[in-house]
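Notes follow once the structure below has been shown.
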Protein chains: 2
Amino acid sequence: MLIAELGWSQVTTRAIAERAGLPHGTVSYHFRGKQELLTKAALYTIEHLFPMSELEAITTLEDLLPLIRSWLGNRDATGSVGAGVLMEAIHESKWNPVLRQHLAAILREYRRVVAEVVRTEQSRDTLASNLAPEAVATLIAAAGDGLLLHVLLDSELNVTLATETLFALWRRRSS
Amino acid sequence: MLIAELGWSQVTTRAIAERAGLPHGTVSYHFRGKQELLTKAALYTIEHLFPMSELEAITTLEDLLPLIRSWLGNRDATGSVGAGVLMEAIHESKWNPVLRQHLAAILREYRRVVAEVVRTEQSRDTLASNLAPEAVATLIAAAGDGLLLHVLLDSELNVTLATETLFALWRRRSS
């Protein structure tokens, strides 16, 4: 995807039309300029990187572990492009409030679903009831994105073991 | 700082000379172009954002909590500029291997020091001995940077509670 290859600021609607094999006029007719096109393309990619449907299907924190592992460990072309688009979008969002609000809303949705799982575990007494569900969800989301950030800087980093350690803390507490 | 204000790609050596009140020739004489100047300036800022001397002074994981809190909660001009420079540097590092290697080395140093504290806690039997010290350190560093990333996208996020929750997991386990 051009956003990840060239960086957001270097992509032009002309380059997008060329890559898609479309006349430039067709692309510029459908979107009000480059920012709208890239914002929509980036949000579409990010929402498909970590599909809400997969997240909504989980019922225990343990089920979250393979999802985060594939989020971090996806080192094929799709995974790298996805992470690249995400990083470009986060960077761009400083100057693009529409994009920033959308990214914040996606993150809130993820946290809401994870907080629900935390509440379910607490009602089953498999997780301490004095942990704030929203705080646990915030922590898991942040650890996931922070590990992604750090493995992009240092490909040697053992992110799998770090993720397992986070979940081991809960597991041991409930045993 | 211009990197945070304008974004890395928009800064010129001419703008830096103007801001510093120096002739352009003086700035371009001392650095081999914009990339070298910005790389050095960004690394200097980042190393002072989270000083190694403060990190090396801690002896328990508990002591790390106020450091991370000030890392995340520093909402004055300096804090925002620092976070802005860090985000610009991480983004730029995709295309700048020298910068990426330096950032990776800084992170490795932070993790090494935190892993030492984990080992000390384990030797005192205040932390479970079957947790890998490097994995705990990786997790703490990732959670810190992930929370910073998420609070930049959503200023309403309660990062303090999330940080406390991470540390509460260890605290309760050792009691």
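The values are calculated or read from the model by the stated rules, or taken from the named source; none is laboratory data. Everything numeric here is computed off the predicted structure, so don't read it as measured data. When we count neighbours, we look across all protein chains shown, and the Cβ atoms used for this are built from the backbone with ideal geometry, even at glycine. Side chains included, ligands, DNA and RNA excluded: accessible areas come from the protein's heavy atoms. Shrake-Rupley method; radii C 1.70, N 1.55, O 1.52, S 1.80 Å.
Just to be sure I understand the model, the point goes 7 Å from the Cα along the line to the Cβ. What's the resulting B:ARG112 to B:ARG124 distance in nm?
Label at B:ARG112, label at B:ARG124, 2.3 nm between them.
To the nearest 10 degrees, how steeply does helix B:159-174 sit against the main Cα axis of chain B, on a 0 to 90 scale?
Long axis of B:159-174 versus the principal axis of chain B: about 30 degrees.
Give me the 1.4 Å probe accessible area per residue for chain A, excluding ligands and nucleic acids, in Å².
Accessible surface, normalised per residue, equals 47 Å².
Pop out a list of residues from the range B:143-173 that are at least 40 Å² less accessible with all the protein chains around than in their chain alone; 1.4 Å probe, no ligands or nucleic acids counted.
Going by heavy-atom accessible area, the residues of the range B:143-173 that drop by at least 40 Å² are B:LEU149, B:HIS150, B:LEU153, B:ASP154, B:LEU157, B:ALA162, B:THR165, B:LEU169, B:ARG172, B:ARG173.
Please work out whether chain A counts as rounded, prolate or oblate from its C-alpha gyration tensor, where a ≥ b ≥ c are the square roots of the eigenvalues and a/c under 1.5 means rounded, while otherwise a/b larger than b/c means prolate and anything else oblate? Could you put the intermediate results ahead of the total?
Values: a/c = 2.81, a/b = 2.06, b/c = 1.36.
Here chain A falls in the prolate category.
Under the definition of partner shielding as Cβ atoms of other protein chains within 10 Å of a residue Cβ, what is the mean value for peptide B:111-123? It would help to have the intermediate numbers written out before the result.
On the way: counts 4, 0, 0, 0, 0, 0, 0, 0, 0, 0, 0, 0, 0.
If you average over the peptide's residues, the count of other-chain Cβ atoms is 0.
Using +1 on the beta carbon of Lys and Arg, -1 on that of Asp and Glu, and nothing else charged, what's the dipole of chain B about the Cα centre, debye to 20?
380 debye
First compute the accessible area of the range A:88-133 with a 1.4 Å probe, then give the percent of it belonging to carbon and sulfur atoms.
Result for the range A:88-133: 54 percent of the exposed heavy-atom area is carbon or sulfur.
Is there a quick way to get the dipole size of the range A:1-91? I mean about its Cα centre, with the Cβ of Lys and Arg at +1 and of Asp and Glu at -1; what is the value in debye to the nearest 20?
That gives the range A:1-91 a dipole magnitude of about 480 debye.
Compute the distribution of all C-alpha to C-alpha distances in the range A:34-120, in bins of 10 Å from 0, and list the percent of pairs in each, rounded to whole numbers.
16, 45, 32, 8, 0
To the nearest 100 Å², how much accessible surface do chains A and B hide from each other in total, with a 1.4 Å probe? Present the calculation step by step, with values, prior to reporting the outcome.
Details: alone 10280 and 10290 Å², together 16590 Å².
Roughly 4000 Å².
Once the Cα atoms of helix A:133-153 and of chain A are each reduced to a long axis, what angle between those two axes, in degrees from 0 to 90 to the nearest 10, is obtained?
Tilt relative to chain A: about 50 degrees.
Can you give me the angle between helix A:33-49 and the longest principal axis of chain A, using Cα atoms only, in degrees from 0 to 90, rounded to the nearest 10?
That helix lies at roughly 30 degrees to the long axis.
Output the peptides A:162-168, A:143-149 sorted from most to least packed, where packing is the average of other Cβ atoms within 10 Å over each peptide's residues.
Ranking, from highest mean packing down: A:143-149, A:162-168.
For A:ASP125, B:ASP154, give me the order by solvent-accessible area with a 1.4 Å probe, most accessible first, ignoring ligands, DNA and RNA.
Ranking A:ASP125, B:ASP154 by accessible area, largest first, yields A:ASP125, B:ASP154.
Determine the sum of side-chain charges near B:THR59: Lys and Arg each +1, Asp and Glu each -1, restricted to other residues whose C-beta is under 11 angstrom from that of B:THR59. Walk me through the intermediate numbers first.
Details: positive: B:ARG124; negative: B:GLU56, B:GLU62, B:ASP63, B:GLU116, B:GLU121.
So the environment of B:THR59 carries a net charge of -4.
Can you give the charge dipole size of the protein assembly as shown about its Cα centre, rounded to the nearest 20 debye, using +1 on the beta carbon of Lys and Arg and -1 on the beta carbon of Asp and Glu? Working shown, then result.
Details: 34 positive and 40 negative charges, 80 e Å.
That gives the protein assembly as shown a dipole magnitude of about 380 debye.
From the helices alone, meaning DSSP H stretches of at least four residues, give me the mean residue ellipticity at 222 nm for chain A, per-run term -39500 (n - 2.57), in deg cm²/dmol to the nearest 500.
That comes out to -24500 deg cm²/dmol.
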